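The values are calculated or read from the model by the stated rules, or taken from the named source; none is laboratory data. Bear in mind that the values here come from a model prediction, so they are computed numbers and not experimental data. Here the Cβ positions follow ideal geometry from the backbone for every residue, glycine too, while neighbour counts run over all protein chains shown.
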Amino acid sequence: MIIVLAGTPGTGKTSLAKMLSERYNLRYLSLTEFVLEKGIWIDYDAQRRSFVIDPEGVVVEIRREIRKVYRGVVIETHDLELLWEAGIEPLRVFVLRCRPDVLYNRLLRRGWPFSKVLENIEAELTGVLAWQAKVYFPRVACEIDTTLAGVNATVERIARNIENIEKDNTICQSIDWVSDEDVVKFVINLSLKHSMGY
């Protein structure tokens, strides 16, 4: 069994993925940690405080790693295209979503540069990962709003969906932050502050 949890940073991927892997006795795999441990990166972007990955190398290594996992795996990622290119066939892809104004505060607490926070807020606003899930894994994609949900409650919702995959799609949502005028204004104001050098 392969379960994927995708989302922008700060949506709850790590906590939820670890709890699900324990619950189902599956291996936990953070794609970011995997890339760093295997050295599958080609550069470091100091301004964004991020590694630039070697996409072809990641695809090769993730294929190799998944072949080793017999009992199953919970994969945490913020790049679904790499999993698709590697031929991964998950039971379900849960895309964790969080209202951008709430996510902004979570990411600021990480001490990230404003430009990196803004980049992730904009990706969440526009639903980049939700779009990837619908394109690459259309039959198994499921969006979940984690803005106000507790970790334990969200794990229970996901578990019910996994255990009743054919019957229970009630937790799957269609989330559109762009249609929320307050959220859009919030992100535009952040973008303007950034462009003006604040």
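Values for this structure:
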| item | result |
| --- | --- |
| Any chance ILE66 is surrounded by 17 or more Cβ atoms within 10 Å (Cβ to Cβ), part of a loop (DSSP other than H, G, I, E, B) and on the phi < 0 side of the Ramachandran plot | no |
| Unmet criterion (only one of (1) surrounded by fewer than 21 Cβ atoms within 10 Å (Cβ to Cβ); (2) at pLDDT 95 or above; (3) touching a Ser or Thr at 6+ places or on another chain (Cβ under 9 Å)) for VAL4 | (1) |
| Members of segment 162-195 that are touching a Lys or Arg at 6+ places or on another chain (Cβ under 7 Å) and either modelled with pLDDT under 90 or not β-branched (Val, Ile, Thr) (or both) | ILE162, ILE165, ASP168, ILE171, TRP177 |
| Residue within segment 155-167 that is under 28 Å from LEU20 (Cβ atoms), surrounded by fewer than 19 Cβ atoms within 10 Å (Cβ to Cβ) and in contact with an Asp or Glu (Cβ under 7 Å, 6 or more places away or on another chain) present | yes |
| Subset of segment 88-138 that is among the polar types (S, T, N, Q) and surrounded by 19 or more Cβ atoms within 10 Å (Cβ to Cβ) - its residue that is farthest from SER191 (Cα to Cα) | GLN132 |
| Residues satisfying the stated conditions in segment 69-87, i.e. over 21 Å from PRO9 (Cβ atoms), outside any helix (DSSP H, G or I) and modelled with pLDDT of 90 or more | GLY72, ALA86, GLY87 |
| From the options THR32, THR11, residue that is assigned to a loop (DSSP other than H, G, I, E, B), surrounded by 14 or more Cβ atoms within 10 Å (Cβ to Cβ) and among the hydroxyl-bearing types (Ser, Thr, Tyr) | THR11 |
| Among (1) closer than 17 Å to PRO55 by Cα; (2) under 12 Å from the mean Cα position of the chain (by Cα), the one test that LEU5 misses | (1) |
| Out of TYR198, TYR136, TYR104, sole residue that is farther than 19 Å from GLY12 by Cα, among the aromatic types (Phe, Trp, Tyr) and at pLDDT 95 or above | TYR136 |
| Neighbours by Cβ (under 8 Å, 6+ apart or cross-chain): first from segment 140-153, over 17 Å from ILE175 (Cβ atoms); second among the small types (Gly, Ala, Ser) | VAL151/GLY12; VAL151/SER15 |
| Total residues in segment 184-198, condition over 13 Å from PHE114 (Cβ atoms), touching a residue at least 12 places away in the same chain (Cβ under 8 Å) and not aliphatic (A, V, I, L, M) | 1 |
| Number of positions in segment 14-29 that are over 13 Å from the mean Cα position of the chain (by Cα) and crowded, with 18+ Cβ neighbours inside 10 Å | 4 |
| Residues of segment 83-105 satisfying the condition of being in contact (Cβ under 8 Å) with a residue 24 or more places away in the chain and either over 30 Å from HIS194 (Cα atoms) or of a type in the set (S, T, N, Q) (or both) | LEU83, TRP84, GLU85, ALA86, GLY87, ILE88, GLU89, PRO90, LEU91, ARG92, VAL93, PHE94 |
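Let's see how each residue does on (1) closer than 29 Å to PHE51 by Cβ; (2) outside any loop (DSSP other than H, G, I, E, B); (3) of a type outside the set (Ser, Thr, Tyr):
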residue: SER115; (1), (2), (3): yes, yes, no
residue: LEU125; (1), (2), (3): yes, yes, yes
residue: LYS134; (1), (2), (3): yes, yes, yes
residue: ILE158; (1), (2), (3): yes, yes, yes
residue: VAL178; (1), (2), (3): no, yes, yes
residue: SER191; (1), (2), (3): yes, yes, no
residue: HIS194; (1), (2), (3): yes, yes, yes
